[in-house]
Amino acid sequence: MFQKILIANRGEIAVRVIRACREMGIESVAVYSDVDRAALHVRKAGEAYHLGKAAASESYLNIEKIIAVAKRAGVDGIHPGYGFLSENARFAQACEDAGIKFIGPTAAAMEMMGSKTRARQNLLKAGVPLVPGTSRGVQSAEEAARVAGRIGFPIMLKAAAGGGGKGMRLVQSASELRAALGSAQSEAQRAFGDGEVYIEKAILNPRHIEMQVLADEHGNTVYLGERECSIQRRHQKVLEEAPSSLVDPEMRQRMGEVAVRVAKAAGYTNAGTIEFLVDQQKNFYFLEMNTRLQVEHPVTELTTGLDLVHLQIRIAAGEKLPFPQHDIKLRGHAIECRIYAEDPDNHFFPSPGKITLLLAPSGPGIRHDSGMYEGWTVPIDYDPLLAKLIGYGTDRAQARSRLVRALNEYFVGGIKTNLSLFRGILRDPEFAAGRLDTGYLDRLLARPGESAPSGDRAAEVAAIAAGVFALLDLSAASGDAGSRKETDTEPASNWRRTARQEALS
Ligand code: MV4
C-alpha cells in the first residue's frame, strides 16, 4: 500500500482524494498556485507545496514542477483527480519514469482513447456498437460527400482529438458540407494541434448515459451501473443521476457488458467511464471513454455503496478487485447538482469573489462535496465548480425531495451561484417524470419565466432570512460589525443592526 500520495489537483476533488487518504492511513500532499494559498485542499492535506503562478501552465498543468515536488516530498503515488493532467498520457509516463505510481490507467490505454478514430478502429474489431460513420479522418469534401451519401444526412463532423463538442459540426445537407468540414478542421487544428476530422451519423435528441467500470491489474473488470448525464449546457454537465430512468435491468446488463468489452479492448486498468449516446429507440452507441475519475462519481458511490477513490488506490497498489460482478448490487437513487460560481440571471457568467456567508445543507440523504469555506475568495482563474450537492433516497422521488429540501437550506453569500437553476429543474414536471434528453436544459431555459429563480419566492425569502440571521449572529459574536462592511451584502450601519436585533429579541 502507498505511504504518501500527491494530489495533482485543487478544489473539491482534491479534498475528496485527501479524505480517502486519511481514511486509509496514507499521508497526503497538496500542491497549489499563487491564488490557491488559502484554498481548502491546502488546509486539509498533511503537507502542501507551492507550484507557481495562477496560470495552469505554471501550476496544475506543469508536469515538470509537479514531478519535482513529488520527488521532494517523497511520495510513492500521484492522484490526478479530473481535468488538468488527469487524461494526459505524457504525465502518466512522466510519473512512471520517476518511479511514482500514477493512480489511473496506463499511458498506452489513455493514448488509445485519446484519438477517437483510433478508438473506433479498435472497438469495431471488438464488436462494440458504434454510431455509423468513418474510423479515419476524411481527406476531402468529396470523400465526406460520398460517406454522407451512404449513411444519410444529418451527419456530425467530429475532431478525432476532440471531446466536449470542440471541432464538432452538425451538417444538415450536402450544400453545407464543404464549408463545415473546413471550419471543423481548422478549429480542431487550433484547439488540439491536430486537424483530423471524421464523420458520424447524427443522432437527434440523444440521451447521454455513461457506464462506470473498474479494472484491476490482474485482468478483472466489472461495471458499476450507469449515470444519466443528459442535463447539460454547452457540453457542460449540470445535473447527473443514477440509475437512469430509461435503463431497465436487461439494458443495464447489455450496456455494462459492452463497457467491459471496451475496457478490455483498451487494456484498461483502474476507474474509467464509457459514454454512450442513446437514441429514441433505446439503441445505444459508444461515444467516448473517459480515462479518469469523474466529477459525477458520487452518484455511483451512493447507489453501489462502494468508495471509488479507495478502490482506485487499492487497484493502483496492485490489489485484486475485492468483489466479482454478481456481488455488485444497486440500491436506491442519487442525484447530483454541480454548484458553480456563476450567475444564472446573467448568461451564466463566472462570479468570483469572497464568500461572506456559507450555510451548507446536511441531514438525511444529503452529501456535500465542497472545496469552499466561508471567508475564502473564489479565484477567477479556474473552472468555477464550488461544490457538489448530492441527494440520495430509496427511490428517485425521495432523492428529489431531499435535494429540494437541501437546496432551500443552502445559502452562499457574497458571490452568485447557480443554486436557483437547480430549484427550477427539480420542480419541473418534465424532470420529475424523467423525460430527459440532451436538449432538455436549453428547452427549460427558453421557457418564459423559467430561466429566473423568481418562480420560487418562498425559497428565496427563506434563504435571505437565513442569511440575515447568520449575519446578525456573526456580528454579535465578534462585537465588530464594521470589519465586515466592504464585502457583506448588507451595509453595516448601526441603526439597521439595532433595529434588527430589537425585532428579533
Ligand atoms: C453526437 C451527437 C449526435 N450524434 N454524435 C457532444 C459532445 C461530444 N462529447 C459528443 N456530442 C454529441 N455527439 C452524434 N453522432 C450529439 C452530441 C451532443 C451531446 C452529447 C452528449 C451530451 C450533450 C450533447 C449536447 C449536444 C450534442
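The values are calculated or read from the model by the stated rules, or taken from the named source; none is laboratory data. Quick caveat: nothing in here was measured; it's all calculated off a predicted structure. Because the Cβ atoms are built from the backbone with ideal geometry, glycine has one as well, and the counts that use them run over all protein chains shown.
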If you take just the helices (runs of 4 or more DSSP H) that sit entirely in segment 72-190, which of them hold at least 2 residues that are under 24 Å from the mean Cα position of the chain (by Cα) and within 14 Å of the ligand (Cβ to nearest atom)? 107-114, 116-125
When segment 345-359 is checked residue by residue, the ones that are at positive phi and assigned to a loop (DSSP other than H, G, I, E, B) are H347, F348
Qualifying residue in segment 325-340 (condition: surrounded by 15 or more Cβ atoms within 10 Å (Cβ to Cβ), without any contact (Cβ under 8 Å) to a residue 60 or more places away in the chain and either farther than 28 Å from L214 by Cβ or hydrophobic (A, V, I, L, M, F, W, C) (or both)): no
Scanning segment 277-333 residue by residue, the ones that are among the charged types (D, E, K, R), within 14 Å of the ligand (Cβ to nearest atom) and assigned to a loop (DSSP other than H, G, I, E, B) total 2
Restricting attention to segment 192-200, does a residue exist that is of a type outside the set (D, E), under 16 Å from A259 (Cβ atoms) and touching a Ser or Thr at 6+ places or on another chain (Cβ under 6 Å)? no
Criterion violated by G219 - all others in (1) away from the ligand (no atom under 13 Å from the Cβ); (2) closer than 30 Å to C337 by Cα; (3) not hydrophobic (A, V, I, L, M, F, W, C) satisfied: (2)
Residue hits (segment 191-214; within 16 Å of the ligand (Cβ to nearest atom) and of a type outside the set (A, V, I, L, M, F, W, C)) are E196, Y198, E200, K201, N205, P206, R207, H208, E210
Look at T273 and say whether it is surrounded by 16 or more Cβ atoms within 10 Å (Cβ to Cβ), within 16 Å of the ligand (Cβ to nearest atom) and closer than 14 Å to E228 by Cα. yes
Would you confirm whether or not segment 236-246 contains a residue that is more than 22 Å from the chain's Cα centre (by Cα) and free of Cβ contacts under 8 Å to residues at least 60 places away in the same chain? no
Select from segment 206-223 the residues that are polar (S, T, N, Q) and over 16 Å from the mean Cα position of the chain (by Cα) and list them in ascending order. N220, T221
Restricting to segment 15-58, name every residue that is farther than 16 Å from A73 by Cβ and among the hydroxyl-bearing types (S, T, Y). S33, S57
Test L51 against the criterion of being touching a Ser or Thr at 6+ places or on another chain (Cβ under 6 Å) and without any contact (Cβ under 8 Å) to a residue 40 or more places away in the chain, and give yes or no. yes
Could you tell me whether any residue of segment 185-206 is of a type in the set (S, T, Y) and surrounded by 15 or more Cβ atoms within 10 Å (Cβ to Cβ)? yes
From the options A68, A38, A45, residue that is buried (at least 17 other Cβ atoms within 10 Å of the Cβ), at negative phi and of a type outside the set (D, E): A45
Does G163 satisfy being buried (at least 19 other Cβ atoms within 10 Å of the Cβ), modelled with pLDDT under 95 and closer than 27 Å to R292 by Cβ? yes
Condition first: within 30 Å of T106 (Cβ to Cβ) and touching a Pro at 6+ places or on another chain (Cβ under 7 Å). Can you find one or more residues in segment 338-360 that meet it? no
